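Quick notes on the structure that follows.
The values are calculated or read from the model by the stated rules, or taken from the named source; none is laboratory data. Computed from a predicted model, the values in this text were never measured in an experiment. With ideal geometry, Cβ positions are generated from the backbone for all residues, glycine too; neighbour counts draw on all protein chains shown. Just the protein is used for accessible areas: all its heavy atoms, side chains included, with ligands, DNA and RNA removed. Shrake-Rupley method; radii C 1.70, N 1.55, O 1.52, S 1.80 Å.
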Amino acid sequence: MSTAHALAAGQETTHAAHDPLAPVFAQYPIEVLRGEGVWLIAPDGRRVLDLYGGHAVAALGYGHPAWSKAVSEQAHAMNFQSNAVPMDVRLRAARKLIAFSKLPVESVFFVNSGAEANENALKMAFTLNPGRTEVVAFEQSFHGRTAAAGALTWGAAKKWYGFPRTPFDVKFLPRKDASVLAQITDKTAAVVIEPVQGVGGAFDMGAEYLKALRKRCDETGAILIFDEVQCGFGRSGEPFCANLYGVLPDMITSAKALGNGFPCSALLMMKKAADAVKMDALGTTFGAGPMACAAIEATIDAIEHDGLLANVRRVSAYIRNTCMVGPIVGHQGAGFLTGLISKFPVKDLQKALLADHNILTGTSGDPNVLRLLPPFTLKEAEVDLLATALKRLG
Ligand SMILES: Cc1ncc(COP(=O)(O)O)c(C=O)c1O
């Protein structure tokens, strides 16, 4: 039995003294050897239902045959070439992503992580709005750990920001409050928002509010950036939340589910931003590498071939219908970024689900919200396991 599994059920552990990994992540009391669909399998054979998807990454679950084949074939054919060397797989991934989005995306810049996509989106916003020095973000937001993305992340300054100053002025607005939109002015270079906040507790901004935000950005010239790193790329049941809410931003950032676990991200630019990109303005070594592009292409193919957007819509509705039991009194979010609202703080509930029922879930910035980020392949029978466990834990 592994050390992690031998520990008391539900108890978070710290790294052992000999562990060379930087001790920055609390550890779940499970160890994973492999995965099958939506199941994690421990070295001793214990099976855990994964409703957290590795922080929203495992779109297709584990061991998807077409994805695994595409990535391993690309590894054999050509594991890496830089952006200076044209490759068909790179063009195919960009074209496929644009077609998948069903949005008027004119240009795609592939990078490596959510934070890096946001950094590049901000750089483009300042390029479009020279002289402006302020960015508007929202309370409870999360945009990443780097200097610019961390500057926009609610609470980072007090907890972990670490840099002596932010690269620009930041104004945080209360979320979903249309009465304060006048604080977006002609000094605002960009407004960055998660249409459904992830870390903030699967909190959906809604179509009406996002439309008001779009209008205010148009009035002031501020560039509207949707950070869809967690909520986008099919997780809402639509390609992006821009589709779900019928609001078109100037740029979208995408990551997490995009490569189904192969590290990659993308900055999607509508015409205004795309027209402002100049040779050498943006760059990356690893971004748009052939293996990342093969992973993106295969993930999109599988979502389309397996009808996974429809599955997300159907099964997320099933969660909302059947899991209002035990301590759960409500829900928020969209699609498979679901927040189950509990009568009690959910930390103990999360531990008990894992220890007693072998179900992995997530918490969030809201102590009463249990966050679900399952693979898009989750089925009703697996949701029934959660509903039964919640009933017993109520
Ligand atoms: C909405 C959002 N934006 C950005 C990020 C940062 O992504 P990464 O960790 O890939 O840099 C995250 C990560 O959780 C996120 O949820």
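Between the C-alpha center of the stretch 354-372 and that of the stretch 248-286 there is a gap of 31 Å. Of the residues HIS55, LEU386, THR188, the one whose Cα sits farthest toward the positive end of the charge dipole of the chain, with +1 on the Cβ of Lys and Arg and -1 on the Cβ of Asp and Glu, is THR188.
For the stretch 258-301, a Kirkwood radius taken over Cα pairs fed into Stokes-Einstein (20 °C, viscosity 1.002 mPa s) yields D = 181 µm²/s.
The residues of the stretch 192-298 have, on average, 29 Å² of accessible surface per residue, using a 1.4 Å probe with all protein chains present.
Over all other residues within a Cβ to Cβ distance under 14 Å of PHE233, the charged ones net out to -3, with Lys and Arg as +1 and Asp and Glu as -1. For chymotrypsin sites (Phe, Trp or Tyr not before Pro), no site in the stretch 231-305 is both called loop by DSSP and has at most 10 other Cβ atoms within 10 Å.
Taken about its Cα centre, the stretch 200-327 carries a charge dipole of about 320 debye when Lys and Arg each add +1 at the Cβ and Asp and Glu each add -1 at the Cβ. Database remark: amide H of PHE138 closer than 5 angstrom to the amide H of LEU173 (H placed geometrically; neighbours at sequence offset of 5 or more, or on other chains; Pro and chain starts carry no H). Summary of the geometry: the stretch 186-233 and the stretch 294-351, compared by the centres of their Cα atoms, lie 22 Å apart. Only protein atoms count toward the accessible area here, which uses a 1.4 Å probe; on the stretch 9-126, the carbon and sulfur part of that area reaches 60 percent. The charge dipole of the stretch 10-121, taken about its Cα centre with unit charges on the Cβ atoms of Lys, Arg (+1), Asp and Glu (-1) only, comes to about 520 debye.
The Cα atoms of the stretch 175-292 define a convex hull whose projected area, averaged across directions, is 8.3 nm².
Put simply, the Cα atoms of the stretch 212-353 extend 57, 42, 29 Å along their principal axes, the longest span coming first.
Entry comment: accessible area of the stretch 114-157 is 34 Å² per residue, from protein heavy atoms only and a probe of 1.4 Å. In the stretch 198-237, the portion of solvent-accessible area held by carbon and sulfur atoms comes to 52 percent [1.4 Å probe, whole percent, DNA, RNA and ligands not counted].
A Cβ-based charge dipole, computed about the Cα centre of the stretch 199-244 with Lys and Arg at +1 and Asp and Glu at -1, lands at about 60 debye. For the peptides 186-198, 104-116, 308-320, 250-262, the ranking by packing is 250-262, 186-198, 104-116, 308-320, with the highest mean count of neighbouring Cβ atoms within 10 Å listed first. Taken over the C-alpha atoms, the stretch 4-158 has Rg and Dmax values of 20.4, 59 angstrom. Expressed to the nearest 5 percent, the antiparallel share of DSSP beta bridges inside the chain is 65 percent. Checked against a 28 Å cut-off, the cross-linked pairs LYS176/LYS391; LYS158/LYS347; LYS215/LYS347; LYS171/LYS347 give Cα-Cα distances beyond that limit for LYS176/LYS391; LYS215/LYS347; LYS171/LYS347. When Rg and the Kirkwood radius Rh are both evaluated on Cα atoms of the chain, their ratio Rg/Rh stands at 0.96.
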